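Reviewing the structure listed below.
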Amino acid sequence: MKPSEVNLGVWNIYFIVKLVLFIGGVIEFNFLRNIAFIAFLIIPARNKVLSVFQQIAAILIGSYLFYDDSYLPPLSRALAQADQLSQFDTGYLFELLTRFVSLNFLLIFFITTVFYFTFYKILRINVLVIAAIVYLQFINSHLSFSPINKTVDNAAAGETNAASPSSATITEQLNSYKKEFFEKQSNLKASLNKDIAVKSEFDILVLSICSLAWDDVKYFKQENHKLFKEFDIVFDHFNSATSYSGPAIVRLFQANCGQKSHADLLTNKLDPQCSLLENLKSVGFDIELMLNHDGMFDNFLSLIKDKGGMDASPIQYKLNPYLLNFDSSPIYRDKEILSRWLQEREQHKENKKFTFYNTISLHDGISLVSNTQLKSPETYEQRLVTLLDDMYEILDGLKKSNRPVVVLFVPEHGANIRGDKMQISGMRELPSPAVTNVPVGLKVIGNNMKRIGEQKHVTQQTSFFAITHLVNQLLENDVYGKNEFDPEKMLNNLPETPMLSENEGSIVMQYNKNYYYSFNNDEWVKYTE
């Protein structure tokens, strides 16, 4: 083959776009696979039929390589979610597409195309493209054949010698750390003291918020909202351990045990010893469930019943929809539902209640009933402020009623509204800290309760096992019998939980002040925001 016959043609545009995106940190670039693809493209076809088949194969290979070089989850994981995608309405699917194909991407593609057709007769663009790929491979450590080599440095891996540790060594360290984490967590178990707890008479209201993390709150500068100032205890580093609703709630309902792996959580039968709900029932609490949605998407109700032990049927109220879900089902205003619940609770005060309220008012893909044309990212700030205001009004209503109620504000996961290099806005396949660090708060209300000291912030890393600790402290210290409590004393011996989060097929964990992710435990890669 003569050098003059080597011609990538319009495929040069493909590689130039990928190189520009790689240099910008938007995608990765697997050197070996892309060079192999170039080799395939320059194989001369003997006739037109073979040429057509070669181009069809090239389109398929090129599409796969582009996807593989992106930070999107493995193709197998994307295909596994096809059933959920089929439930989205057309408008939401188009909205998601526009996030993947951004204006900047289209501009890069346009400029590259103009450049190619302007200069392809003057410059040997094939040579320039291949030379650029080889040069970047040579000078940039990010273009290592092994993803782990390109992401882990000596300090992150705990190495003190000058030589870089091998890929096998780093993988072994990270896998060993993960194994040790779950072994320690498996030994953590807690239960309520029935003899003491049964004397306490107060309700527990859990406000379970979908799609709200500290990152989302701070992005819209709402960290000083009056709601957060109302709480007696605020968690600054509470890890929801997942970026999906069902598993997050199951983890909350199994908070009497340490953190389980995602597989153990959703595959194994619920251990009664781990069940927070069963423990609460044993000390006299009746269990209530309320939703501001129908609970049908992704078998939400079935999951929290089978794996979380929530056997109560949702309380239903006849209200006008406030929002429309991405499957066009109605979503109701939080303030209206909780106000109706409070009215009924005032009329029927018998028995202490554990009421679990779940809201999806901040979920991605939701539209306002008053304006369905606006995309969900455009309305998130409005919906966020409305939700925080609603929750504040509910707390205020509870305070005025002087009813003994402990309110736990526990978001499930964040919205990732800001997005980063690894995940576009709204995407949560990787349970990164921006998605799983959620603003948990606790408020003790009623019986003219007196708080000793100021609001307490929990700065250490915690997760759901800390919720059981707080409930135990409230019950065992009989705060309503004394009509006062000290948040600082309640936090004595609060269990810490290092950051490790999982979804089905993906994991993110903190190791030596860095974050690493893995899909299906194949390889570890440093998480770059």
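So here's what we get for this one:
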item	result
Some residue of segment 309-319 being touching a strand residue (DSSP E or B) at 6+ places or on another chain (Cβ under 7 Å) and either within 22 Å of residue 389 (Cβ to Cβ) or part of a helix (DSSP H, G or I) (or both)	yes
Residue in segment 492-526 that is nearest to residue 170 (Cα to Cα), counting only those that are part of a loop (DSSP other than H, G, I, E, B) and either of a type in the set (A, V, I, L, M) or free of Cβ contacts under 8 Å to residues at least 24 places away in the same chain (or both)	522
Any chance residue 502 is on the phi < 0 side of the Ramachandran plot, surrounded by 19 or more Cβ atoms within 10 Å (Cβ to Cβ) and acidic (Asp, Glu)	yes
Test for residue 393: is it surrounded by fewer than 18 Cβ atoms within 10 Å (Cβ to Cβ) and either under 23 Å from the mean Cα position of the chain (by Cα) or assigned to a loop (DSSP other than H, G, I, E, B) (or both)	no
Filter result for residue 489 (basic (Lys, Arg) and either touching a residue at least 40 places away in the same chain (Cβ under 8 Å) or assigned to a strand (DSSP E or B) (or both))	no
Subset tally (residues that are of a type in the set (Lys, Arg) and crowded, with 18+ Cβ neighbours inside 10 Å) for segment 6-50	1
Any helices (runs of 4 or more DSSP H) falling wholly within segment 10-103 and containing at least 1 residues that are modelled with pLDDT of 85 or more and over 33 Å from the mean Cα position of the chain (by Cα)	11-23, 31-41, 48-69
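This table checks each residue for (1) surrounded by 19 or more Cβ atoms within 10 Å (Cβ to Cβ); (2) farther than 29 Å from residue 339 by Cβ.
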site	(1), (2)
257	yes, yes
262	yes, yes
277	yes, no
285	yes, no
294	no, no
313	no, no
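Condition check ((1) surrounded by fewer than 17 Cβ atoms within 10 Å (Cβ to Cβ); (2) within 27 Å of the chain's Cα centre (by Cα); (3) assigned to a strand (DSSP E or B); (4) of a type outside the set (Lys, Arg)) across all residues:
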{"site": "427", "(1), (2), (3), (4)": "no, yes, no, yes"}
{"site": "430", "(1), (2), (3), (4)": "no, yes, no, yes"}
{"site": "434", "(1), (2), (3), (4)": "no, yes, no, yes"}
{"site": "453", "(1), (2), (3), (4)": "yes, no, no, yes"}
{"site": "471", "(1), (2), (3), (4)": "no, yes, no, yes"}
{"site": "528", "(1), (2), (3), (4)": "yes, yes, no, yes"}
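The values are calculated or read from the model by the stated rules, or taken from the named source; none is laboratory data. Computed from a prediction, not measured in an experiment: that's the story for all the values here. So basically every Cβ, Gly included, is an ideal-geometry build from the backbone, and we count neighbours across all protein chains shown.
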